[in-house]
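The values are calculated or read from the model by the stated rules, or taken from the named source; none is laboratory data. Computed from a predicted model, the values in this text were never measured in an experiment. When we count neighbours, we look across all protein chains shown, and the Cβ atoms used for this are built from the backbone with ideal geometry, even at glycine. The protein model used for the area step is the full one, side chains on, heavy atoms only, and it has no ligands, DNA or RNA in it. Shrake-Rupley method; radii C 1.70, N 1.55, O 1.52, S 1.80 Å.
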Amino acid sequence: LSPDRKERLDALGFVWDPITEQWEEGFSKLLKFHKREGHCLVRRGHKEDGFRLAIWVGNQRKKKDRLIPDRKERLDALGFVWDPHKEAWEEGFSKLLKFHKREGHCLVKQRHKEDDLKLGNWVSTQRRNRDRLSPDRIERLDALDFVWDPITAKFEESFSKLVQFKETEGHCGVPRGFKLGGF
């Protein structure tokens, strides 16, 4: 183009590189979100000033290995979460560690919350999805003596106490109110 034509197009705000323009708009919206929320975990369907930020974030995750290095570095500098599922699992495990350190076990009650995380639900999910967990995650949970089947564990504890009771008393007629491991 002649300099005159280029100048006239520039005066109109003509976008010469729409892909870069769109990326920069998404990044600016993410910056705004991050400044307000303190993180980059944009929930599904979220729009920032009408901009579909959740979709933009999802696209960055999908394109991670193809992103221009400068863009990836800028996202990393914000603490961008590339794998939110892994991040959520690590947060749950971190809260379980805290619980274990304080309580000495991993038998978390279903409705228990640790800080803002529903830890009881997280623990139940791990038990339910054991067959789909990576060997590394199973090993990390096992290192905490994680109880995969709390009903069986409670039965075995009570049965062991009943055996001790019988050895001591000579019978299994446990008096009312006597506790055998919680049953």
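Against the longest principal axis of the chain, how steep is helix 53-62, in degrees 0 to 90 to the nearest 10, with axes from Cα atoms? Orientation of helix 53-62: about 80 degrees from the principal axis. When the helices of the chain are scored as -39500 (n - 2.57) per DSSP H run of n ≥ 4 and the total is divided over every residue, the value at 222 nm lands at -18500 deg cm²/dmol. The angle between the Cα long axis of helix 150-169 and the main principal axis of the chain comes to about 20°, on a 0 to 90 degree scale.
Of the listed residues H112, H46, the order by accessible area with a 1.4 Å probe, largest first, is H112, H46. Taking all protein chains as they are arranged and a probe of 1.4 Å, the heavy atoms of V147 leave approximately 30 Å² accessible to solvent. A dipole drawn for the chain from +1 and -1 charges on Cβ atoms has a positive end, and of V163, N59, A77 the residue lying farthest that way is V163.
Give, rounded to the nearest 20 debye, the magnitude of the charge dipole that region 49-123 has about its Cα centre when Lys and Arg contribute +1 at Cβ and Asp and Glu contribute -1 at Cβ.
Numbers: 18 positive and 13 negative charges, 46 e Å.
That gives a dipole near 220 debye.
For an R0 of 45 angstrom, estimate the FRET efficiency from the Cβ-Cβ distance between V15 and E90 and round to the nearest 0.05. Mind dumping the intermediate values first?
Details: r = 40 Å, r/R0 = 0.89.
So the FRET efficiency works out to roughly 0.70.
Annotation: extensible slack from K64 through T152 equals 27.3 nm (criterion: 0.36 nm per residue apart, minus Cα-Cα distance).
Work through the residues other than K86 whose Cβ is under 12 Å from its Cβ and net out their charges, Lys, Arg +1 and Asp, Glu -1.
Net local charge, K86 excluded: -3.
In a reduced charge model with +1 at each Lys and Arg Cβ and -1 at each Asp and Glu Cβ, region 1-148 shows a dipole moment near 680 debye about its Cα centre.
Roll a 1.4 angstrom probe over the protein heavy atoms and tell me the percent of accessible area of the chain that is carbon or sulfur. Could the numbers behind the result be given before it?
Details: 6860 of 13230 Å².
That fraction is 52 percent.
Only one residue of F27, P3, G38 has its Cα farthest out toward the positive end of the dipole of region 1-71, where Lys and Arg carry +1 and Asp and Glu -1 on Cβ, and that residue is G38.
Available extension along the chain between R102 and E7 is 27.4 nm, counting 0.36 nm per residue and deducting the alpha carbon span. Distance between the modelled labels on S28 and D115, one decimal in nanometres: 3.3 nm (7 Å Cα→Cβ projection).
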